[in-house]
Amino acid sequence: MKDLFGKALLDYQNGNYTEDIITSTSISDEDELPLPYLFRNYSEMPKLEQHALKLSKGKVLDAGCGAGNHSLYLQQKGIAVKAIDVSEGAIEVSKMRGVKNAEVLNILNESETFDTVLLLMNGTGIFQELTQVSKYLTHLKSLLNPNGQILIDSSDIKYMYLDDDGGYWQDMNASYYGELDYYLSYKGEKETPMKWLYLDFDTLKLACETVGLKCELVYEGEHYDYLARLS
Ligand SMILES: C[S@@+](CC[C@H](N)C(=O)[O-])C[C@H]1O[C@@H](n2cnc3c(N)ncnc32)[C@H](O)[C@@H]1O
């Protein structure tokens, strides 16, 4: 990984914002990911994220923290929060912005326990593929204190396969439709392609049941997106 995501965050933080990140997926064309959005404050966050922050309690883990937006908000509210990310640039930026406890760490290597684990901005993306969901959920469950919770968001992206006559353009039984290849480029450089998983609520709920987690729908967004609480 070249950490172009982290490089972009560092540029923005250091006042060198000249262009946005360009993303595309196996089912969608190029799109801009505006860097200012990755530095959003509470009032700029979608309602779904604000709701997740309101539900956060006890000792919190912000997994895949990016520039640390959610951690900063919680820290300002006096909540103990640890922010982790695989991106070195993201952690550097989180620290520069004032996140006190931030570490470069893969969620699978986290071993402390928490009352709330937050995974936001398509939190299920980190699982990468449907076959890995149980592994990640089992690990996330092991990070919970008694009565702990995981707050995770995703979207049902079935709508992206609809053609103009209302039919689906892909064989929906071929492989799970939420498994995407994700391409990112920044300032003319291409990142190593990644896998990124969107999970519809029913599939997430089923996966949770197989690893002994209760899965509740706590918020529905305006565009097939939702927030789930696992406990
Ligand atoms: C879509 S960004 C979301 C950033 C942030 N949560 C936000 O809402 O602005 C996903 C983040 O997850 C991080 N990430 C991906 N896989 C990870 C893993 N296995 N463990 C920890 N962080 C991971 C990426 O580096 C990236 O910063």
**Report entry** Within the range 98-116, considering residues that are more than 9 Å from the ligand (Cβ to nearest atom) and crowded, with 18+ Cβ neighbours inside 10 Å, the one nearest to Lys54 (Cα to Cα)
**Finding:** Thr116
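Looking at Tyr73, is it at pLDDT below 95, in contact with a Phe, Trp or Tyr (Cβ under 9 Å, 6 or more places away or on another chain) and within 19 Å of Tyr219 (Cβ to Cβ)? It would help to see each step written out before you state the result.
Numbers: at pLDDT below 95: no; in contact with a Phe, Trp or Tyr (Cβ under 9 Å, 6 or more places away or on another chain): yes; within 19 Å of Tyr219 (Cβ to Cβ): yes.
Here the answer is no, as Tyr73 does not meet what is asked.
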Requested in this report: Tell me which of these Lys158 doesn't satisfy, since it passes every other one: (1) in a helix (DSSP H, G or I); (2) within 16 Å of the ligand (Cβ to nearest atom); (3) not β-branched (Val, Ile, Thr).
Outcome: (2)
Query raised in the report: In this structure, does Gly78 turn out to be more than 11 Å from the ligand (Cβ to nearest atom) and either over 21 Å from Leu9 (Cβ atoms) or modelled with pLDDT under 95 (or both)?
Result: yes
Query raised in the report: Given the residues Leu61, Leu48, Leu35, Leu55, which is the only one that is within 12 Å of the ligand (Cβ to nearest atom) and under 18 Å from Val81 (Cα atoms)?
Result: Leu61
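In the range 188-231, how many are assigned to a loop (DSSP other than H, G, I, E, B), farther than 27 Å from Met1 by Cβ and without any contact (Cβ under 8 Å) to a residue 12 or more places away in the chain? Walk me through how you get there before you give the answer.
Of the range 188-231, the ones assigned to a loop (DSSP other than H, G, I, E, B) are 188, 191-193, 198-200, 211-214, 221-224, 231.
Narrowing the set further to residues that are farther than 27 Å from Met1 by Cβ leaves 200, 211-214, 221-224, 231.
Retained after the next criterion (residues that are without any contact (Cβ under 8 Å) to a residue 12 or more places away in the chain): 222.
Total satisfying the criteria: 1.
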Query raised in the report: Are there any pairs with C-beta distances below 7 angstrom linking a residue in the range 109-124 that is closer than 23 Å to Tyr182 by Cα to a residue that is part of a helix (DSSP H, G or I) and near the ligand (Cβ under 8 Å from one of its atoms), with the two at least 6 apart or on different chains, and if so which?
Result: Leu118/His70; Leu119/Ile126; Leu120/Glu49; Leu120/His70
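Of all residues in the range 1-18, which are surrounded by fewer than 14 Cβ atoms within 10 Å (Cβ to Cβ) and farther than 20 Å from Pro193 by Cα? Don't jump to the end; show me each part of the working.
Filtering the range 1-18 for residues surrounded by fewer than 14 Cβ atoms within 10 Å (Cβ to Cβ) gives 1-2, 14-16, 18.
Once the filter is applied, which keeps residues that are surrounded by fewer than 14 Cβ atoms within 10 Å (Cβ to Cβ) and farther than 20 Å from Pro193 by Cα, the range 1-18 yields Asn14, Gly15, Asn16, Thr18.
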**Report entry** Single match in Ser87, Ser43, Ser56 (criterion: hydroxyl-bearing (Ser, Thr, Tyr), farther than 23 Å from Leu184 by Cα and touching a residue at least 24 places away in the same chain (Cβ under 8 Å))
**Finding:** Ser56
Query raised in the report: Counting only residues that are within 26 Å of Ala67 (Cβ to Cβ) and away from the ligand (no atom under 14 Å from the Cβ), which one in the range 117-149 is surrounded by the most Cβ atoms within 10 Å (Cβ to Cβ)?
Result: Gln149
Requested in this report: Please find, within the range 171-186, the residue that is modelled with the highest pLDDT out of those that are loosely packed, with under 13 Cβ neighbours inside 10 Å and in a loop (DSSP other than H, G, I, E, B).
Outcome: Ser175
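The values are calculated or read from the model by the stated rules, or taken from the named source; none is laboratory data. Note that the coordinates shown come from a computational prediction; the quantities given were computed from them, not determined experimentally. Note: ideal-geometry Cβ built from the backbone for every residue, glycine included; neighbour counts use all protein chains shown.
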